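Working notes, beginning with the structure itself.
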Amino acid sequence: MAKTTKTLKLTFLNGKNKKTSVTLGDAMDNFTAEQVRGAMTTIASANVFEKDGVKNYVTPQYASYIERTVSDIFNDGDADQAESADEQD
């Protein structure tokens, strides 16, 4: 049985103009561009994320939904073991 998951990836430039991103699982999948852009602007304006002296999430660049489908060929384990293996990928 195939299992599809969808995540929302938000990509920003950091304080050194390098791409950095945050990926959100279980995000609603019906956001508009304006809603996501507004949320990303709020994150950037908060100015609270920093790593090794470099500000993260400074300038919003783009947002994407990413879908991943896993199709088992066979699964001799129980459902809990199969889901655990999916989470390790």
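The values are calculated or read from the model by the stated rules, or taken from the named source; none is laboratory data. Note that the coordinates shown come from a computational prediction; the quantities given were computed from them, not determined experimentally. No Cβ is skipped: glycine too gets one built from the backbone with ideal geometry, and neighbour counts run over all protein chains shown. Only protein heavy atoms, including side chains, enter the accessible area calculation; ligands, DNA and RNA are left aside. Shrake-Rupley method; radii C 1.70, N 1.55, O 1.52, S 1.80 Å.
Before moving on, here are some points about what is shown:
- The chain, helix-only ellipticity at 222 nm - DSSP H runs n ≥ 4, -39,500 (n - 2.57), divided by all residues, nearest 500: -8500 deg cm²/dmol
- Length-normalised contact order for the range 1-42 - Cα pairs under 8 Å, 6+ apart - percent: 34 percent
- Apolar share of the accessible surface for the chain: 48 percent from carbon plus sulfur atoms, 1.4 Å probe.
- Each of (i) 17.0, 49; (ii) 18.5, 85; (iii) 12.8, 39 is a candidate for Rg and Dmax of the Cα atoms in Å; the one calculated from this structure is (i).
- Calculated FRET value between Asn47 and Lys6, using beta carbons and R₀ = 25 Å, to 0.05: 0.30
- Axis angle, to the nearest 10 degrees, between helix 33-46 and the longest C-alpha principal axis of the chain: 60 degrees.
- The chain - percent relative contact order, Cα under 8 Å, separation 6 or more: 40 percent
- Distance between modelled label sites at Val70 and Val22, nm, 7 Å Cα→Cβ extension: 2.5 nm
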